[in-house]
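The values are calculated or read from the model by the stated rules, or taken from the named source; none is laboratory data. Just so you know, these numbers come straight off a predicted model, no measurement behind them. Every residue, glycine among them, receives a Cβ derived from its backbone with ideal geometry; neighbour counts consider all protein chains shown. Keep in mind that these areas ignore ligands, DNA and RNA; they rest on the heavy atoms of the full protein, side chains included. Shrake-Rupley method; radii C 1.70, N 1.55, O 1.52, S 1.80 Å.
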Amino acid sequence: MAWHLFAIFAATILGFILQPMPIGAVAFIGVTMAALTGVVTVGVAISGYGNSTIRLIICAFLLARAFIKSGLGRRISFLIIKAIGKSSLTLGYAITLAD
């Protein structure tokens, strides 16, 4: 069984590298295949998603992706630069704060 789990793990990592689909879909397929083939039980396969730390990390990634796609972070940065970037020194502070 350990070799089967290693093969699923290696295929999932290869899917992350080659990106035939989005990373979330590849990870979900890896977890699903581990459960469907009987290598691990369904409870063990999805037990990591019950951890509150994992949910916090997933929420952070989703929010970061939303900020990037919508351009909200860029617009907030421009507002900060506009508000306090009067001289080269305060412009440096504004860029640091925006980052």
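Looking at the structure I just gave you, is residue 38 exposed (fewer than 11 other Cβ atoms within 10 Å of the Cβ) and outside any helix (DSSP H, G or I)? Outline the logic, then answer.
Values: exposed (fewer than 11 other Cβ atoms within 10 Å of the Cβ): yes; outside any helix (DSSP H, G or I): yes.
Judged against the criteria, residue 38 is a match.
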*Given the structure, is residue 83 open to solvent by less than 60 Å² (accessible area, probe 1.4 Å) and part of a helix (DSSP H, G or I)?*
no
*Starting from region 1-29, keep only residues that are in contact (Cβ under 8 Å) with a residue 12 or more places away in the chain and under 20 Å from residue 48 (Cα atoms), then list their pairs with residues that are open to solvent by less than 60 Å² (accessible area, probe 1.4 Å) and polar (S, T, N, Q) whose Cβ atoms are within a distance under 7 Å, requiring at least 6 positions of separation or different chains.*
26/12; 27/12
*Of all residues in region 41-78, count the ones that are open to solvent by 70 Å² or more (accessible area, probe 1.4 Å), outside any helix (DSSP H, G or I) and either modelled with pLDDT of 90 or more or charged (D, E, K, R) (or both).*
1
_Going through 7, 25 one at a time, which residue ends up being among the aliphatic types (A, V, I, L, M), exposed (fewer than 13 other Cβ atoms within 10 Å of the Cβ) and either in contact with a strand residue (DSSP E or B) (Cβ under 6 Å, 6 or more places away or on another chain) or at negative phi (or both)?_
25
